[in-house]
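The structure appears below as structure tokens.
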Amino acid sequence: MLVILRPDASTSDRDRVVALIELLGFGARVIEGTQRDAVAVVGNDGRIDAARFSALPGVDDVLQITRPYRMVSREWRAEPTVVSLPGGRSIGGPELLIVAGPCSVESEAQIFATARAVLAAGAGALRAGAFKPRTSPYAFQGLGAEGLALLAAVRRETGLLIVTEAMDEEGLEQVAEVADIVQIGARNMQNYALLKRAGRAGKPVLLKRGMSAGLADLLLSAEYVLSEGNPDVILCERGIRGADPSTRNLLDLSAIPAVKSLSHLPIMADPSHGTGKRALVPAMARAAVAAGADGLLIEVHVNPAEALSDGAQSLYPEQFALLMDEIRGIAGVIGRGVP
Ligand code: PEP
Ligand code: MN
């Protein structure tokens with residue numbers, strides 16, 4: 001960290017900065033300039049709060065040099081993290097994890113039919129929400145515990161891994177009993193109490209990027225989970241708020257290689273919420289695989305016209321099966337595969 005002093009800062013302003021750095025247990029090195037001085041913090045491991053310095057008299061600016069996150073960074077761990085999953089599956093290695101399913105569990109018939117269809121097409125995991133974070137309180141909120149029981153029954157019959165969302169701290173344990181991967185949604189990316197609880201859940205966590213979150217925000221949220229003792233975090237790019245209403249969100253494909261250069265954690269892409277439109281999903285799914293995504297999250301429904309949530313962005317099973325073939329081809333070209 002570099003504390004930049006104002007041109008009119010006094011010697012005592014400078015001494016106060018040096019004293020605070022030393023009080024915090026770090027070394028201070030004064031850099032004298034022609035117009036202004038700066039004080040460098042030596043030995044900062046990323047845990048100093050810049051606000052402690054920006055509030056001092058005579059301080060103009062504070063530049064972060066060390067990245068604010070630690071355990072999620074490439075400096076902490078150079079090798080990519082491979083999250084092991086039940087049934088010999090994994091994400092983060094050469095094999096992609098394709099997660100598919102309806103937005104919500106709606107009924108026994110709907111979830112079983114969709115699960116069988118995505119399994120037949122080659123998906124490795126079923127994703128469906130029992131607890132749904134809906135923008136409107138009057139929209140379908142999910143089947144709750146009944147939905148979780150249906151998901152458990154689907155796993156027994158099909159062997160598909162189950163990915164499902166925990167919306168709050170109270171519900172997390174209940175969800176973690178059934179889920180093979182606990183999803184934390186975009187709206188909860190900065191729910192730090194929930195993230196800490198997920199860090200103690202004993203299950204891998206799928207952490208979706210908040211709609212207005214920068215990559216450092218996403219990685220700091222992942223850091224909460226790791227710092228509570230859970231190394232198994234899978235990040236997910238699901239689109240951020242864009243300028244044009246013709247897509248639901250702006251799927252930030254460049255976040256995939258950017259996150260990979262900053263972090264060892266696997267990252268998947270969700271072109272369904274990223275675009276909001278069925279017709280746009282296959283192209284963005286193919287592009288995400290080409291960009292290096294470790295997996296995909298694709299909404300698929302046996303009858304999208306009657307879906308209780310996100311029908312407009314849900315693929316028909318036949319479209320999903322075709323997409324799986326295309327993804328296999330693209331994965332092969334970049335030295336990866338789909339199990
Ligand atoms: C979802 O995955 O169904 C969902 C609600 O996604 P997000 O949290 O990305 O909006
Ligand atoms: Mn959805």
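The values are calculated or read from the model by the stated rules, or taken from the named source; none is laboratory data. Just so it is clear, the structure is predicted and the values come from calculations on it, not from any experiment. Cβ placement follows ideal geometry from the backbone for every residue including glycine, while neighbour counts extend to all protein chains displayed. With ligands, DNA and RNA removed, areas are computed over all heavy atoms of the protein, side chains included. Shrake-Rupley method; radii C 1.70, N 1.55, O 1.52, S 1.80 Å.
The HN-Hα couplings worked out from phi for segment 42-59 by the Karplus form 6.51 cos²θ - 1.76 cosθ + 1.60 (θ = phi - 60°) are 9, x, 5, 9, x, 9, 7, 8, 4, 4, 4, 8, 5, 7, 6, x, x, 8 Hz, whole numbers, x standing for Gly and Pro.
Over segment 110-178, the ratio between the Cα radius of gyration and 2.2 N^0.38 Å evaluates to 1.13.
In this rough spin-label picture, where each label sits 7 Å from Cα along the Cβ direction, the Asp13-Ala55 distance is 1.8 nm.
The residues of segment 2-63 expose, per residue, 58 Å² of accessible area to a 1.4 Å probe. Heavy-atom accessible area for Lys196, with the other protein chains in place and a 1.4 Å probe, reaches approximately 90 Å². For the set Lys208/Lys260; Lys196/Lys277; Lys132/Lys208, the pairs lying more than 22 angstrom apart at their alpha carbons are Lys196/Lys277.
Using the 1.4 Å probe convention, the accessible area of segment 122-193 works out to 40 Å² per residue with neighbouring protein chains retained. Taking N as the residue count of the chain, its C-alpha radius of gyration divided by 2.2 N^0.38 Å amounts to 1.14. Accessible surface of segment 83-333, 1.4 Å probe: 55 percent of it comes from carbon and sulfur atoms.
How large, in percent, is the carbon and sulfur part of the accessible surface of segment 2-63 at a probe radius of 1.4 Å?
About 48 percent, which is the carbon plus sulfur part of the accessible surface.
Heavy-atom accessible surface of segment 195-323, averaged per residue, reaches 34 Å², computed with a 1.4 Å probe.
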